[in-house]
1. Rounded to the nearest 500, what is the 222 nm mean residue ellipticity of the chain from helices alone, with -39500 (n - 2.57) per DSSP H run of 4+ residues and division by all residues?
2. As an exercise, find the ratio Rg/Rh for the chain from alpha-carbon atoms, using the Kirkwood inverse-distance average for Rh.
3. For an R0 of 35 angstrom, estimate the FRET efficiency from the Cβ-Cβ distance between Gln116 and Leu21 and round to the nearest 0.05.
4. Most mobile of Phe41, Phe115, Phe72 per a Gaussian network model of the chain (Cα springs, under 10 Å)?
5. Scanning the chain for GluC sites (Glu not before Pro) in DSSP loops with at most 10 other Cβ atoms within 10 Å, what's the longest stretch left with none?
6. To the nearest 10 degrees, how steep is helix 21-36 against the longest Cα principal axis of the chain, on a 0 to 90 scale?
7. For the range 3-8, just list the computed ³J(HN,Hα) in residue order, Karplus coefficients 6.51, -1.76 and 1.60, θ = phi - 60°, integers in Hz, with x standing in for Gly and Pro.
8. Build a GNM of the chain with springs between Cα atoms under 10 Å: which of Leu97, Leu28, Leu53 gets the top mean-square fluctuation?
Amino acid sequence: MGLFITETAVVEAVFADDVSLDDIRDWLAHIERLITRRQAFYFISSTQVGASLAEGYRAVQGAWYKRHKADFRSCCRGLVRIAMDAEECERLDAPALHAAWGVPYFVTLEREQGFQWIAERMVSDATVQ
């Protein structure tokens, strides 16, 4: 074959206001569709000040991740978390979270830095292929 096409998605999720369990399930379904297609992706997420996540969201997310962990790790090229403040940044940047996700993981206070990190990884990944 004389043609090779690659495609990588950048998915940004911003959790704002009242985030319901249905919102969490919609977000996870979006990621699951990428995984089902074996679509490489980078994921960047933030939670806005004052956002309220539904009770039980961690259980939903945890059960989903447990089911999809291997596939998530094979498709996700990098995960960025945008922290609201220095305290959250320190909490999100814990070695245990780096290990738990099992993909390149970056925590920052600035959205632009998150996208810059993704861009750098995309260039790095492209030169390896």
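Computed from the coordinates by the stated procedures, all read-outs in this text should not be read as laboratory data. Predicted, not measured: the structure shown is a model, and the values here were computed from it. Cβ atoms come from the backbone with ideal geometry, glycine included; neighbour counts cover every protein chain shown.
1. Working: 5 runs with 67 residues, N = 129.
When only DSSP H runs of four or more count, the value is -16500 deg cm²/dmol.
2. Details: Rg = 15.2 Å, Rh = 15.6 Å.
Looking at the chain, the ratio lands at 0.97.
3. Numbers: r = 33 Å, r/R0 = 0.94.
Step by step, r from the Cβ atoms, then E = 0.60.
4. Phe115
5. Result for the longest clean stretch: 56-109.
6. The helix 21-36 is inclined about 10 degrees to the chain.
7. Listing the rounded values in order: 9, 10, 10, 10, 9, 10 Hz.
8. Evaluated over the chain, the most mobile residue of the options is Leu97.
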